[in-house]
1. Which residues, taken from region 110-154, are touching a Ser or Thr at 6+ places or on another chain (Cβ under 6 Å), small (Gly, Ala, Ser) and closer than 23 Å to THR233 by Cα?
2. Just a yes or no: is a residue in region 184-192 hydroxyl-bearing (Ser, Thr, Tyr), modelled with pLDDT of 95 or more, part of a loop (DSSP other than H, G, I, E, B) and in contact with a strand residue (DSSP E or B) (Cβ under 8 Å, 6 or more places away or on another chain)?
3. Test of understanding: among ALA170, ALA174, ALA158, which residue is loosely packed, with under 15 Cβ neighbours inside 10 Å and at pLDDT below 95?
4. Output the residue which, of all residues in region 109-138 that are part of a loop (DSSP other than H, G, I, E, B) and small (Gly, Ala, Ser), is nearest to THR188 (Cα to Cα).
5. Can you pull out every residue in region 21-34 that is out of contact with any Lys or Arg (no Cβ under 9 Å at 6 or more places or on another chain) and closer than 16 Å to GLY232 by Cα?
6. Report, by residue number, each residue of region 1-29 that is of a type outside the set (Ser, Thr, Tyr) and either farther than 15 Å from ALA194 by Cβ or not assigned by TED's automatic domain parsing to the domain that holds GLU217 (or both).
7. With ALA174, ALA180, ALA215 as the choices, which residue is within 21 Å of MET139 (Cα to Cα), part of a helix (DSSP H, G or I), in contact (Cβ under 8 Å) with a residue 60 or more places away in the chain and among the aliphatic types (A, V, I, L, M)?
8. Identify all residues within region 200-211 that are assigned to a helix (DSSP H, G or I) and surrounded by 24 or more Cβ atoms within 10 Å (Cβ to Cβ); write none if there are none.
Amino acid sequence: MTSLGFLYPGHSAEDDYPRMEQLIGSNIRLGVVHTDIGEDAHRVDALIEMGSAKRLAAGVEELRLAGAEAVVWACTSGSFVYGYEGAHGQVRELARVAGLPASSTSFAFAHAVKELGASRVAVAATYPDDVAELFAEFMKAVDIEVLSVRGSGIITAAEVGTWGEDEVLALARAGDHPEAEVVLMPDTALHTAAYLPLIEETLGKPVLTANQVTAWEGLRLADRRVNAPRLGTLFTREPLVQVD
């Protein structure tokens, strides 16, 4: 049994994790511990506070007691909002406190794009435009070319969590770019685990979504590889690269 730990902010789309655990169908457990988010707002100051060291540290002990072999901060905006260097520092501190390999959803996106051998992406985000642009800047900092950025202006994770198949598919279509090799959908508050094959079939290319890449990142940290086609192209490939 491989046990992975995820620090998930609040309550929005955390039910993607038991769904993904079932779809992986192996001796892998995706354990979720909820962190206190403070103010639910896709606003820079609120996001910085959401990802603060004290809020993340509060959930670490529960993951350790559950036998987690690695921990991932399952929040994109609460990591990339710190910038590349700040997000690195956030992960280093999380690893220190947990005594485990650690990462975050922002780095999971970077690693997953490179795993697919891609370099040109389109961003289809639920966020307001200014926050979506910060995600694009983070991707550029890891040498990924961002061809287009589509924001949706959604302020709260609670609202994003109410979106279903129609809204998710519409966002993916609106955010695609004809020259993009991969479409990125960066919000762990967005339910996507049930829709990945449909989105990829509709767009005709790989799609990376926040909870999907977060689960994959935990597996990468634990040096586990699984084949789970219903979780999209990312879960059907042999690794192309090892990214530190």
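The values are calculated or read from the model by the stated rules, or taken from the named source; none is laboratory data. Keep in mind that what you see is a predicted model, and the values were worked out from it rather than measured. All Cβ positions, glycine included, derive from the backbone under ideal geometry; neighbour counts span all protein chains shown.
1. Result: ALA122, single match.
2. Checked region 184-192: at least one residue is hydroxyl-bearing (Ser, Thr, Tyr), modelled with pLDDT of 95 or more, part of a loop (DSSP other than H, G, I, E, B) and in contact with a strand residue (DSSP E or B) (Cβ under 8 Å, 6 or more places away or on another chain).
3. On the way: ALA170 fails: at pLDDT below 95; ALA174 fails: at pLDDT below 95.
Residue meeting the stated conditions: ALA158.
4. Taking region 109-138 first, the residues part of a loop (DSSP other than H, G, I, E, B) are 116-119, 125-128.
If we keep only those that are small (Gly, Ala, Ser) too, we end up with 117-119, 125.
Numbers: GLY117: 23, ALA118: 22, SER119: 22, ALA125: 11 Å.
By that ranking, first place goes to ALA125.
5. GLN22, ILE24, GLY25
6. MET1, LEU4, GLY5, PHE6, LEU7, PRO9, GLY10, HIS11, GLY25, ASN27, ILE28, ARG29
7. When all the criteria are applied, what remains is ALA215.
8. ALA210, ASN211
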